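To start, the structure itself, in structure tokens.
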Amino acid sequence: MWYNSPDCEASPGKLLYPERSHQLTGGMKREFKTLLKSFGLELLVYAVLVTGYFFAVLHFLGDWLYHLFRAERKLYALMALVLIIGQGIVLEFLTRTLLRLIKPGREN
């Protein structure tokens, strides 16, 4: 806790309660580690899902998209946008569902 009031005997920039600051810092470090682990787990799950989605689209729709690209560019562009939007919606839903299964105490 910093205290910079002119009527205080503690000089500006010094900790008024140094023993309390160590407790706060330790708690903040634990919270940061927890957030970092959660972010890493979410990033890993999302990376696996995106990679799987890419190979699924390549396997099932690759030839059709290639022929569409060669023959109908406007329809190809529209389908690419639909696939991008669909990817975002489906992968967000799957990521949230999987993370709720992995970490049931998670609120968001």
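The values are calculated or read from the model by the stated rules, or taken from the named source; none is laboratory data. The shown structure was predicted, so the numbers you read here are calculated from the model rather than taken from an experiment. Counting neighbours? That spans all protein chains shown, and the Cβs are built from the backbone with ideal geometry, glycine included.
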Please find, within region 68-108, the residue that is surrounded by the fewest Cβ atoms within 10 Å (Cβ to Cβ) out of those that are hydrophobic (A, V, I, L, M, F, W, C) and touching a residue at least 40 places away in the same chain (Cβ under 8 Å).
-> 102
Check on residue 54, surrounded by fewer than 14 Cβ atoms within 10 Å (Cβ to Cβ) and at pLDDT 90 or above = yes
Residue count, region 56-108 (criterion: among the acidic types (Asp, Glu) and either under 18 Å from the mean Cα position of the chain (by Cα) or under 23 Å from residue 38 (Cβ atoms) (or both)) = 2
